[in-house]
Amino acid sequence: GMGSWSQFYATIGTASAALLGLLFVAVSVNAESALGKDPMSRRLAEQAFHNYLTVMMVSLVGLFPGIQASTFGLVTLLATASWSVWVVIRFYQTVTQSREFGASTYAFRRHLASLAGFAMLLVSALLMAIKRDDAFNWIAASTLVLLFSATTVSWELLRRLSDRHPR
């Protein structure tokens, strides 16, 4: 049941919150570069932010005392479905505008892990919402994919910001 997953959700939620905090610091210190005229930096920050926030949301819901697996699946499904719309829009915008940013292959690859993580999360949350309790592993795997994707994208953002402001 859900109780056996509490240590996992506490750990991945803490990691996501810490990395989200570091992303906020990096963006705040470099706000003009990260959120200003460079659409690629802004999209990198948005992608990382949404992925970290999704992992945190799933973790917090997973830690609700006494939550049933089907309720966990339904809440995760509803929240993730609304965020997934923005993920697809951002992916479309990035790929169609990639001529401005560089190779469209890079833009596609950068979004692939996020898209996979959100798809895994949607499917596994749907399965759990319709009372198929065997989706625990898939939800956990999707949060790992989103966490690693966000961290990779955050690193790319830091690299871009560093290149713009050499010391």
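Tabulated values for the structure
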{"item": "Subset of the stretch 37-54 (residues that are among the basic types (Lys, Arg) and surrounded by 15 or more Cβ atoms within 10 Å (Cβ to Cβ))", "result": "Arg42, Arg43"}
{"item": "Residue within the stretch 9-32 that is open to solvent by less than 50 Å² (accessible area, probe 1.4 Å) and over 25 Å from Thr143 (Cβ atoms) present", "result": "yes"}
{"item": "Met57 closer than 21 Å to His111 by Cα, open to solvent by 20 Å² or more (accessible area, probe 1.4 Å) and either modelled with pLDDT of 90 or more or in a helix (DSSP H, G or I) (or both)", "result": "yes"}
{"item": "Within the stretch 97-146, considering residues that are modelled with pLDDT of 80 or more and of a type in the set (S, T, N, Q), the one surrounded by the fewest Cβ atoms within 10 Å (Cβ to Cβ)", "result": "Asn137"}
{"item": "Of all residues in the stretch 156-167 being open to solvent by 100 Å² or more (accessible area, probe 1.4 Å) and closer than 11 Å to Ser41 by Cα, the one that is modelled with the highest pLDDT", "result": "Arg159"}
{"item": "Residue check, Leu74 open to solvent by 40 Å² or more (accessible area, probe 1.4 Å), assigned to a helix (DSSP H, G or I) and in contact with a Phe, Trp or Tyr (Cβ under 8 Å, 6 or more places away or on another chain)", "result": "no"}
{"item": "Pairs with Cβ under 9 Å, 6+ apart, first in the stretch 136-163 and in contact (Cβ under 8 Å) with a residue 24 or more places away in the chain and basic (Lys, Arg), second buried (at least 18 other Cβ atoms within 10 Å of the Cβ) and not in a helix (DSSP H, G or I)", "result": "none"}
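Rundown of residues vs (1) modelled with pLDDT of 95 or more; (2) not aliphatic (A, V, I, L, M), yes/no style:
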| residue | (1), (2) |
| --- | --- |
| Ala31 | no, no |
| Pro39 | no, yes |
| His50 | no, yes |
| Leu53 | yes, no |
| Gln68 | no, yes |
| Ala81 | no, no |
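The values are calculated or read from the model by the stated rules, or taken from the named source; none is laboratory data. Small disclaimer: the values here were computed from a predicted structure and weren't measured. So basically every Cβ, Gly included, is an ideal-geometry build from the backbone, and we count neighbours across all protein chains shown. Please note that ligands, DNA and RNA were not included when accessible areas were found on the heavy atoms of the full protein model with its side chains. Shrake-Rupley method; radii C 1.70, N 1.55, O 1.52, S 1.80 Å.
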